[in-house]
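Peer 1: My questions all concern the structure below.
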């Protein structure tokens, strides 16, 4: 295949030694970005389903929620991966109502947050991901995207961003998000590293009404 079409990609499922241009973990999310034996990042995508079955199964009751599916998407991109999401039609060639609900939910979120997914990769390593969040990064626009999995009280501390942020806004409505540098004394009190002095991103008390809120950070 490579001789006939050098640009063709072959996955690792052929189970042949030294064959495979990308890795395809199935039905689990890797703990981090995947690397080869030499520690070099590899191209990968997680193969997932809406429920516990690859094909349509009438009595399947382990369907993933829209929120969970979006978190899986954000998580994969934050680790430099892709998401392959399977949906099985019924015997009549139609999508189950549960599948349609989830596709529409993911589509509604993507309509507002696609910039945080398309063209994005894992963030530079010196930007330490805040607790209960994920970073994605667009190297072309130099913008960092903070996906918030658990809503905090007022502040999100982002290590390593001091002096790097020019502007921040929510993706779903374009509203400005205020931020400020944390004093060295305060950061040391949090057992922080001076080289990773954070900014504190100030979020509203009430959580935005979207599955996974995302803050777009304009880097200097």
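The values are calculated or read from the model by the stated rules, or taken from the named source; none is laboratory data. It should be emphasised that the depicted structure is a prediction, and the values quoted were computed from it without experimental measurement. Here the Cβ is made from the backbone with ideal geometry for all residues, glycine too, and neighbour counts use every protein chain on show.
Peer 1: What's the number of the condition residue 56 fails, among (1) touching a residue at least 12 places away in the same chain (Cβ under 8 Å); (2) closer than 30 Å to residue 135 by Cβ; (3) touching a helix residue (DSSP H, G or I) at 6+ places or on another chain (Cβ under 9 Å)?
Peer 2: (2)
Peer 1: Here is a follow-up. Identify the residue in the stretch 2-23 that is surrounded by 15 or more Cβ atoms within 10 Å (Cβ to Cβ) and touching a helix residue (DSSP H, G or I) at 6+ places or on another chain (Cβ under 8 Å) and, among all such residues, is farthest from residue 74 (Cα to Cα). Outline the logic, then answer.
Peer 2: First pass over the stretch 2-23, keeping only residues surrounded by 15 or more Cβ atoms within 10 Å (Cβ to Cβ): 11-12, 20, 22-23.
Right, trim to touching a helix residue (DSSP H, G or I) at 6+ places or on another chain (Cβ under 8 Å) and you get 20, 22-23.
Details: 20: 25, 22: 19, 23: 18 Å.
It comes out as 20.
Peer 1: Could you grab me the full set of residues in the stretch 130-148 that are in a loop (DSSP other than H, G, I, E, B), touching a strand residue (DSSP E or B) at 6+ places or on another chain (Cβ under 6 Å) and modelled with pLDDT of 95 or more?
Peer 2: Within the stretch 130-148, the subset in a loop (DSSP other than H, G, I, E, B) is 130-132, 139-142.
This time we only want the ones that are touching a strand residue (DSSP E or B) at 6+ places or on another chain (Cβ under 6 Å), so: 130, 142.
142, the sole residue that qualifies.
Peer 1: Right, something else. Please find, among 66, 42, 77, the residue that is modelled with pLDDT of 90 or more and touching a strand residue (DSSP E or B) at 6+ places or on another chain (Cβ under 8 Å).
Peer 2: Working: 66 fails: touching a strand residue (DSSP E or B) at 6+ places or on another chain (Cβ under 8 Å); 42 fails: modelled with pLDDT of 90 or more.
The conditions single out 77.
Peer 1: Looking at the stretch 35-46, which of its residues are in a loop (DSSP other than H, G, I, E, B) and over 17 Å from residue 9 (Cα atoms)?
Peer 2: We begin by selecting, within the stretch 35-46, every residue in a loop (DSSP other than H, G, I, E, B); these are 36-40, 42-43.
Answer for the stretch 35-46, where residues must be in a loop (DSSP other than H, G, I, E, B) and over 17 Å from residue 9 (Cα atoms): 37, 38, 39, 40.
Peer 1: Is it the case that some residue within the stretch 96-107 is touching a strand residue (DSSP E or B) at 6+ places or on another chain (Cβ under 7 Å) and either crowded, with 17+ Cβ neighbours inside 10 Å or part of a loop (DSSP other than H, G, I, E, B) (or both)?
Peer 2: No, because not a single residue in the stretch 96-107 is touching a strand residue (DSSP E or B) at 6+ places or on another chain (Cβ under 7 Å) and either crowded, with 17+ Cβ neighbours inside 10 Å or part of a loop (DSSP other than H, G, I, E, B) (or both).
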